[in-house]
Amino acid sequence: MQIEQKKPLPPFDLESATQKVKMAENAWNSKDAKKIAMAYTQESAWRNRNLFINGRAEIISFLEEKFAKELEYKLCKELWAFSENKIAVRFAYEWHNDKGEWFRSYGNENWEFDSNGLMQKRYASINDVAIKGSERLFLWEEDNIRPDDYPSLSTMGL
């Protein structure tokens, strides 16, 4: 049996923690629930807002529902802190509902990884703020991967 790994592996340093955050951002911006779920352990435990999600099957279901509701989803993550096997990030994402109403969602996540680099715990606190379409800041091309030279959350003042 092949052991699943998702490099970089802990213990994290600044470079590997930053890489892990960018990889997570890119995966979520793909909006591919099955691809995203592969970064988590089979038994991964989440708290996302008021939901408790356990295991890859529930993660996939949650993400498919999320991306069906949150249209034109674009996410920007930023490393906040890290330790040996934990990473804290802050993030913002923009999306609109099926009525065309735009939102920017702000949040923080705490991640814990197993020795194979798979996320075993994810705790997310998120708040939604209604914005006008003209206030959007995440305007990179539709391939959904934020270019490396696109401003960071800090640069954008978020």
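No lab work stands behind these numbers, since they all come straight from the coordinates. Computed from a predicted model, the values in this text were never measured in an experiment. Please note: Cβ atoms are built from the backbone with ideal geometry, for glycine as well, and neighbour counts cover all protein chains shown.
Summary of values
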read-out	value
Gained length - Lys99 relative to Asn127, 0.36 nm times residue gap less alpha-carbon distance	8.1 nm
The chain: calculated mean residue ellipticity at 222 nm from DSSP helix runs of at least 4, using -39500 (n - 2.57)	-7500 deg cm²/dmol
³J(HN,Hα) computed for each position of region 41-53 - Karplus, 6.51 cos²θ - 1.76 cosθ + 1.60, integer Hz, glycine/proline x	5, 4, 9, 3, 10, 10, 10, 10, 6, 9, 9, 10, 10
Eligible lysines near Lys22 by straight Cα distance, threshold 25 Å, same-chain separation 8 or greater	Lys6, Lys7, Lys31, Lys34, Lys35, Lys66, Lys69, Lys74, Lys77, Lys86, Lys121
Order by protection proxy (mean Cβ within 10 Å, highest first), peptides 38-48, 122-132, 19-29	19-29, 38-48, 122-132
Residue-by-residue Karplus 3J(HN,Hα) for region 19-33, coefficients 6.51, -1.76, 1.60, Hz, glycine and proline x	4, 4, 5, 5, 4, 5, 4, 4, 5, 5, 5, 5, 6, 9, 4
Kirkwood Rh, angstrom, region 14-140 [1 / mean 1/r, Cα pairs]	15.0
Separation of alpha-carbon centers, region 5-58 and region 89-158, rounded to whole Å	14
Percent antiparallel among DSSP beta bridges (both partners in the chain, rounded to 5)	90
